[in-house]
Amino acid sequence: MRPTDHVASIILAAGASKRMGRPKMLLPYRSGTVLSSAVAPYLEAGAGPVIVVLGHGADEVRSAAKLPADPRLSIVVNLDWAEGMASSIRRGLQECGEASAVLLALGDQPGADVARVKAVLAAWTPDVRLVVPVHGERGSHPVLFARSLFPELRDLRGDVGAREVVRRHWAEAVRVTAPALADVDTEEDYRTLLEGAPGRPHEGWKRP
């Protein structure tokens with residue numbers, strides 16, 4: 001069994017799409033939706049279980065997102081989604097069992113491809129606590145956190161995501177050079193995605 005077989009993936013998709021004004025996870029993209037396209041590379045990479053965390057409008061997203069019927073895929077609901085992204089991270093970690101590490105990703109980033117996911121996985125060994133894809137001076141997704149960092153992820157609160165944990169451990173992080181990755185937050189972002197243009201890079205976080 002490969003070490004990466006014990007790496008779970010958490011795809012965060014619980015937000016209310018306020019800037020978009022309609023459920024962005026359900027927007028048509030390629031042969032499916034924004035969310036199904038964002039999830040696919042983690043299944044294709046052939047690592048461990050993939051957990052999609054829903055929240056706002058969970059029933060609608062679950063029924064219309066065109067997610068595959070794959071035994072490795074779990075769809076869970078964060079009832080506390082309004083508290084912010086940290087609550088969805090905690091909800092996803094509840095499903096990770098004995099995973100040795102977790103890939104943390106965003107459901108509104110369908111531009112993440114399987115090569116990117118495999119590059120992050122390839123950089124991880126059991127003695128590595130953090131792997132971050134970087135473009136220039138900015139970190140991006142998916143970020144790999146070893147199990148030893150799970151308690152710090154569980155302690156997060158609010159809508160900050162995991163960037164504080166990344167900043168805290170930046171000096172020990174393995175960095176993987178990767179292209180910029182765009183979010184789909186607005187109608188303009190979505191049009192740019194459909195046109196195949198690079199799009200507005202995810203804000204990410206600057207190195208400390």
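The values are calculated or read from the model by the stated rules, or taken from the named source; none is laboratory data. Treat the numbers as computed from the prediction; the structure is a model and nothing was measured. Ideal geometry is used to build each Cβ from the backbone, glycine not excepted, and the neighbour counts take in all protein chains shown. To get the accessible areas, we keep the full protein, side chains included, count just its heavy atoms, and leave off ligands, DNA and RNA. Shrake-Rupley method; radii C 1.70, N 1.55, O 1.52, S 1.80 Å.
Rounded to whole numbers, the Karplus 3J(HN,Hα) couplings from phi for region 142-147 are x, 9, 9, 10, 6, 4 Hz, using 6.51 cos²θ - 1.76 cosθ + 1.60 with θ = phi - 60°, and x at Gly and Pro. Note that region 116-155, at 25 °C in a medium of 0.890 mPa s, gets a Stokes-Einstein diffusion coefficient of 226 µm²/s from its Kirkwood radius over C-alpha pairs.
Tell me the carbon and sulfur percent of the accessible area for the chain, rounded to whole percent, probe radius 1.4 Å. In the chain, the share of accessible area belonging to carbon and sulfur is 51 percent. If only the Cβ of Lys and Arg carry +1 and only the Cβ of Asp and Glu carry -1, the dipole of the chain around its Cα centre is close to 280 debye. Taking GluC sites (Glu not before Pro) across region 72-161, the ones in a DSSP loop with at most 13 further Cβ atoms lying within 10 angstrom of their Cβ are E98, E137. The length gained by stretching the chain between S31 and L194 to full extension, at 0.36 nm per residue less their Cα-Cα distance, is 57.5 nm. The three principal axes of the Cα atoms in the chain give end-to-end lengths of 42, 34, 33 Å, sorted in falling order.
Can you give me the accessible area per residue for the chain, using a 1.4 Å probe, in Å²?
Using a 1.4 Å probe on heavy atoms only, each residue of the chain averages 47 Å².
In the chain, taking the dipole from charged Cβ atoms about the Cα centre, the farthest positive-side position among G21, S140, W81 is held by S140. Residues whose amide H falls under 5 Å from that of Y29, counting only those 5 or more places apart or on a different chain, are V34, with hydrogens built in the peptide plane. Taking amide H as placed 1.01 Å from N in the peptide plane, the amide H of G55 sits under 5 Å from that of N78, each at least 5 places away or on another chain. Each of D70 and E137 was given a label point 7 Å from its Cα along the Cα-to-Cβ line. The distance between the two points is 3.7 nm. Give me the base-10 log of I(q)/I(0) for region 15-75 at each q in 0.14, 0.17, 0.23 Å⁻¹, Debye formula, one uniform scatterer per Cα, rounded to two decimals. Log10 of I(q)/I(0), two decimals: -0.38, -0.56, -0.97. The alpha-carbon atoms of region 11-124, seen along their principal axes, cover 38, 30, 25 angstrom, with the largest extent given first.
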